[in-house]
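Read the figures in this text as sums done on the coordinates, not as results from a lab. As the structure is a prediction and not an experimental result, all values here were calculated from the model. Here the Cβ positions follow ideal geometry from the backbone for every residue, glycine too, while neighbour counts run over all protein chains shown.
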Amino acid sequence: MLYSEKVLDHFANPRNVGEIKDADGIGEVGNAKCGDIMRMYLKIDGDTITDVKFQTFGCGAAIATSSMATEIIKGSKIEDALKLTNKAVVEALDGLPPAKIHCSVLAEQAIKAALANYFEKQGLDPTPLVGEFHTDCEACHGCH
């Protein structure tokens, strides 16, 4: 299984690792069965994601996709973060092996879960804003 230089770099030197103590939104996705669990923390000011951190328990691809996803949405508007797809994460990493695509799905879902949590804290129903998302990675059909 070959990984791109970007995947190896984000695995060896992940960006935005950690937690935000007073996060405005927290999302956790994954499944202990496949071994990949991601938690995303968002700090939001107005409609801008001013900070994002992650904690991922999983394989190198899970760490790399979490890192890249946080890099993409940091400093972006909420509406742009909601448009982030797992395909965009994979492309930003110059590809992933087919067996690891589910890691990029988890990264996308973790961001959506954190934004849903943020909207709930604002007293809003997140479903019309975030759309459908899954916190259990069995829904992504990528588990081994």
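Measuring nothing but alpha carbons in the chain and taking Rh as the Kirkwood radius, the Rg to Rh ratio lands at 0.94.
Summary value for region 1-119: 33 percent relative contact order, contacts being C-alpha pairs under 8 angstrom separated by 6+ residues. Relative to the Cα centre, the charge distribution of region 34-107, modelled as +1 at Lys and Arg Cβ and -1 at Asp and Glu Cβ, gives a dipole magnitude of about 180 debye. A cut-off of 5 Å between modelled amide H atoms, ignoring neighbours fewer than 5 places along the same chain, links Val17 with Phe54. Relative to the dominant Cα principal axis of the chain, helix 101-121 is inclined by about 10°. Using only side-chain charges placed at the Cβ, +1 for Lys and Arg and -1 for Asp and Glu, the dipole size of region 67-108 relative to its Cα centre rounds to 60 debye. Among Gln109, Gln55, Gln122, the largest mean-square fluctuation in a Gaussian network model of the chain, built with springs joining Cα atoms closer than 10 Å, belongs to Gln122. Given R0 = 30 Å, the distance between the Cβ atoms of Thr48 and Ala99 translates into a calculated FRET efficiency of 0.25. The GNM of the chain, with springs linking C-alpha atoms under 10 angstrom apart, assigns the highest mean-square fluctuation among Gly58, Gly30, Gly123 to Gly123.
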